[in-house]
Each structure stands twice: as structure tokens, then as C-alpha cells.
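Q: Okay, handing you the structure first.
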Amino acid sequence: MPTDARPAAKDRIAFVDIGRALAALLVFYSHIHVVWMRRDNGVSSPVTDGVTWAFANPLHLDQQDIGQIGVPIFFLISGFVITPIAMRQGMSRFAVNRALRIYVPLVFAVLLTGTLLTLGLDPLWTGQLREVTPLTLLTNSLLVNYLIYPQAVLLGVTWTLVVEAIFYLLLIVLLPVFRRSVWLGIAIELTIVHGVLMSRSELGPSWSLFAVNVSFIPILLCGQIVWAAFHRKIPLWLAGGYLVLSWALYVWADRPDMARQDDSYNVALAFALLLFLIGLLAEPRLRQRAIWTRLSERSYSLYLLHGVIAFPVLDALHPALPIELAVIVAVVATFAGVEVSYRLVESPSHRLARWLSHRGRPAGRLQAAGGGRQTDAVIERPSAQRPRHATATRAGAAEQAVPGSDTPLGPAAVAPSTSGEPVSSAAAEPPRPSTGAGAGASRRR
């Protein structure tokens, strides 16, 4: 192969960057359109109407809009990249790394939300209680508010972080098994998910809320199974069987008492999985672009802060300004706030996490730790397809997870949604989440 025809070297997984960036933007768009414009203020725009006509309606995602695909994409990416990170880092390093990456930006976002609510402003609301007290600030910062009934949710989008955290805990507990036998580790995960869903109504309200979050774990398992098959950790026939089981568990939980608002969840996952597999297969042809890298690196801050910043700005500008102009100003203000958060909060937390997780390791293994690079996660081609000049790459971990895991993207509030309609239930039924946008009745108190 001539030198000038070689693909440009990459130190990141391009399809992961693109997927994270697009997922965060889709959720942002759907929250503005479905929650602020349509549900809370009853306004529309030719632009949003056109997007709904062209994409949401044909895909049967008209209630929660196209942003509903965003959360499954986040989860699939997380399942794909997180397992090798855990296997490489080990229990303690992985736990410290993930905790810092999730909780430092999260605490900042929760405190900012609490401050705005105290000042009388109105960030994105998902329908649960949102009284600002020292206790609710603490429980929201630790994510345990999603296991307490009735729920008090200050920052609605954080439901996905609960799902991520449960997945991380599963990996930490099962890490010795995964290092010996990946197929057995996945089998145990599927069994645990099945057991939790089976016992959902047997152990009280908190366990019921926990089961709602666990019902989204099969999406991450799909990403994990694809990773295992792609890197030949398990045979293809077994991966196919595991994918069928994961899909069956997710579909089995598709009912209103498991926080599903409508019948679009399975459709959203199907489209997300299709896009994920297309991106994975196209990876050898994708180029690493600065725009996708920057958006991907900021996707967690964007996910956490878009409803905190954009909604109060829109409240202040509309109807004094036309809705289109008000949205543009709100988007600019949001990205400005996200940049500040990324530079002063998220990026320092990543550096600290990398330093702590790599402390004491041989210098030669620190290559992937610099600047958010993911050299350990470069996609490998099967050896028969690998060009002679290609350098063997490690099939391990990527520092480029999802927002909140490096990442993101937990349910019971805005969960697979981006709005968050509470479920009236005397029997301690959990609130209904949604994946992209659209749950809650009205944001107004």
C-alpha cells in the first residue's frame, strides 16, 4: 500500500466521538423542543415541525422526539468501551477513576441547579419533587435520590448516571470472572438482571426503583457483547445468543410500571443499535476530526448543563424575542457555560482520575493517559484483514467512554426521556422516565 494512501493515524475511536457528540446534541434538541417549547409553553417553529415530520414521525418517536435515540447510543458506547478499561485498570483504580469522572462534574451541576432554583429560576424539571434542602443536595449529588421514595430530583437528566453506576458496580464485582472468562461474566450479568426484574415488586419501593434502573442495563450489555465478539473474546454464535437475551430482557421490562412512557423504547434501541453497528463497521474509514473530538470531550458537561442553562435563558428571552432567536441565544449561552465547566471542572477531574488510576504503573503503559487520548482502544481489524504495515493495536480500554463515565449518560426521572412525567401511584410506583425528551407534565411549580 503506497505511503500516501495510508489512512491517517488516529489516537481516538472516531465513531465513539461522533456517537457521543450526536447523542448529546439530540438530547439537547429534544429537551428544548418537546419539553420547553411544546409542553411547557405551547410554542412551535417551522424548523422543529420540519424535523418532527421528517424524522420523529416516520420513526414513531413523535412523543419524545429524536432525542430518545441519544440515551441508548450513550449506553451502547459505554458498554463497548468500559469493560476493557476495567479489565486493564483493576478494581480499585477503575472505581476511583469512574467515581471522579462522574461525581465531580455532577456535584458542580447539582449545586448550580440548586442555586438557580433558590433564586427563583426554572431549569429543566422532570416531574418529581425538587425542594432545595441540604438533604436533597446531598442525595442528588450521590445519586441515591433515585432509590428513595418519593424521589426528589433537582437535575433530571442524572437518571442515566444511576444506570451507569450500577453497571460499573457489576463490573467491579465480576472483574475476576471477566479476567478469566468473559462469556461467564456476561452470563452472570444477564442472570442478575433477570433476577432483579423478577423480584421488582417483592421487596418494597426502594427495590422497585432500583429495578427500574436495572431494566436499562441490557442496553449496556448489548454494547459489552459487541465488544466481546468484535475482539474475539467470545464466539459469534454465543454473542448472538447473548444479544437476543439482552433484547428480550429489555423488551420484557417495556411496561408502564417499569417507567416506560410509551411503546417507542424498543424502537429507539433498535435504531440506536443499528447506528452503533454501522459506526463500528465504518471505523476503519472514519477520520479523526477536531470538531467531533471537542464535542465528544464536552458531551458530559453538555448533557448535565443544557437544561440548567438553556431553560432559564429561554424563560428570560421569550416572548420578547422570536422563538428562533431566543433558542439561538440559549444554545450559545449553553455552550459558553459548558466550556467553562469543561475547562474548570470536568477536565481537571479527568486529569486527577488519570493520575490516580495510573499511579505506580510502568511508564510504558501510560501512553493512553495523556490528554484524554484513547490509544488503548483503537479498533483492531481481524488479523487476516490487517495490512502488513499496520501496527498491532491493543484491544483494551478507551479513556473515551460516555459522558460521565469518562463520561455519561439513570432512570426514574428523565430516564430514557428528557422530560419526566411523574407516575401517580399509591403503591410506590416509580416515576416514568424517557430516553430522549418528553416526559413530564409541566415544569412550572
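Q: Of all residues being touching a Ser or Thr at 6+ places or on another chain (Cβ under 6 Å) and aliphatic (A, V, I, L, M) in segment 306-326, which is modelled with the lowest pLDDT? Just the residue, please.
A: Ranking the candidates gives ILE323 first.
Q: Go through segment 287-302 residue by residue and tally those that are buried (at least 19 other Cβ atoms within 10 Å of the Cβ) and outside any helix (DSSP H, G or I). Step through it out loud before you land on a result.
A: Within segment 287-302, the subset buried (at least 19 other Cβ atoms within 10 Å of the Cβ) is 292-293, 295-302.
Narrowing further to those that are outside any helix (DSSP H, G or I): 298.
The total comes to 1.
Q: Taking only segment 276-329 into account, find how many residues are within 21 Å of the chain's Cα centre (by Cα) and small (Gly, Ala, Ser).
A: 6
Q: Can you tell me which residues in segment 334-346 are surrounded by 21 or more Cβ atoms within 10 Å (Cβ to Cβ) and of a type in the set (Asp, Glu)?
A: Across segment 334-346, the qualifying residue is only GLU346.
Q: Separate question: Going residue by residue through segment 100-123, is there one that turns out to be in contact with a Pro (Cβ under 6 Å, 6 or more places away or on another chain) and either surrounded by 22 or more Cβ atoms within 10 Å (Cβ to Cβ) or among the small types (Gly, Ala, Ser) (or both)?
A: Looking for residues that are in contact with a Pro (Cβ under 6 Å, 6 or more places away or on another chain) and either surrounded by 22 or more Cβ atoms within 10 Å (Cβ to Cβ) or among the small types (Gly, Ala, Ser) (or both), one finds at least one in segment 100-123, hence yes.
Q: Further question: If the requirement is being β-branched (Val, Ile, Thr) and surrounded by fewer than 13 Cβ atoms within 10 Å (Cβ to Cβ), which of these qualifies: VAL331, VAL244, VAL251?
A: VAL244
Q: Shifting gears a bit: Suppose we filter ILE186, ILE192, ILE172 for residues that are more than 30 Å from LEU117 (Cβ to Cβ) and crowded, with 19+ Cβ neighbours inside 10 Å; which single one remains?
A: Exactly one residue qualifies, and that residue is ILE186.
Q: Ok, one more. Would you say THR83 is crowded, with 18+ Cβ neighbours inside 10 Å and closer than 28 Å to PRO319 by Cβ?
A: Here the answer is no, as THR83 does not meet what is asked.
Q: Picking from ASP65, ASP122, which residue would you name as being of a type in the set (Asp, Glu) and touching a Lys or Arg at 6+ places or on another chain (Cβ under 7 Å)?
A: Details: ASP65 fails: touching a Lys or Arg at 6+ places or on another chain (Cβ under 7 Å).
The match here is ASP122.
Q: Here's another thing I want to ask about it. Considering only residues of segment 1-24 that are of a type in the set (A, V, I, L, M) and surrounded by fewer than 18 Cβ atoms within 10 Å (Cβ to Cβ), which is modelled with the lowest pLDDT?
A: MET1
Q: Got a sec? Which of ALA248, ALA268, ALA282, ALA336 is part of a helix (DSSP H, G or I) and modelled with pLDDT of 95 or more?
A: Being part of a helix (DSSP H, G or I) and modelled with pLDDT of 95 or more holds for just one of ALA248, ALA268, ALA282, ALA336, which is ALA336.
Q: Could I ask something else about it? Within segment 107-144, can you find the residues that are out of contact with any Phe, Trp or Tyr (no Cβ under 7 Å at 6 or more places or on another chain) and part of a loop (DSSP other than H, G, I, E, B)?
A: Scanning segment 107-144 gives LEU119, GLY120, LEU121, TRP125, THR126, GLY127, GLN128, ARG130, GLU131, VAL132, THR133, LEU143.
Q: Just give me the residues in segment 18-63 being aliphatic (A, V, I, L, M), farther than 20 Å from LEU275 by Cβ and outside any helix (DSSP H, G or I), in sequence order.
A: Initially, segment 18-63 is screened for residues aliphatic (A, V, I, L, M), giving 18, 21-27, 32, 34-35, 37, 43, 47, 51, 54, 56, 59, 61.
Keeping just the survivors that are farther than 20 Å from LEU275 by Cβ gives 32, 34-35, 37, 43, 47.
Matches in segment 18-63: VAL43 only.
Q: Determine if segment 43-65 includes at least one residue that is within 15 Å of the chain's Cα centre (by Cα), buried (at least 24 other Cβ atoms within 10 Å of the Cβ), within 24 Å of PRO123 (Cα to Cα) and not aromatic (Phe, Trp, Tyr).
A: Filtering segment 43-65 down to residues within 15 Å of the chain's Cα centre (by Cα) leaves none.
No, because not a single residue in segment 43-65 is within 15 Å of the chain's Cα centre (by Cα), buried (at least 24 other Cβ atoms within 10 Å of the Cβ), within 24 Å of PRO123 (Cα to Cα) and not aromatic (Phe, Trp, Tyr).
Q: Moving on to the next point. Conditions: (1) out of contact with any strand residue (DSSP E or B) (no Cβ under 9 Å at 6 or more places or on another chain); (2) more than 16 Å from LEU76 (Cβ to Cβ); (3) assigned to a helix (DSSP H, G or I). TRP159 meets all but one. Number of the miss?
A: Failing condition for TRP159: (1).
Q: For segment 196-242, name all the residues that are closer than 18 Å to TYR168 by Cα, assigned to a helix (DSSP H, G or I), small (Gly, Ala, Ser) and at pLDDT below 95.
A: Of everything in segment 196-242, just one residue is closer than 18 Å to TYR168 by Cα, assigned to a helix (DSSP H, G or I), small (Gly, Ala, Ser) and at pLDDT below 95, namely ALA211.
The values are calculated or read from the model by the stated rules, or taken from the named source; none is laboratory data. None of the values given here were measured: they were computed from a predicted structure. Cβ coordinates were reconstructed from backbone atoms using ideal geometry, including for glycine residues, and neighbour counts include every protein chain displayed.
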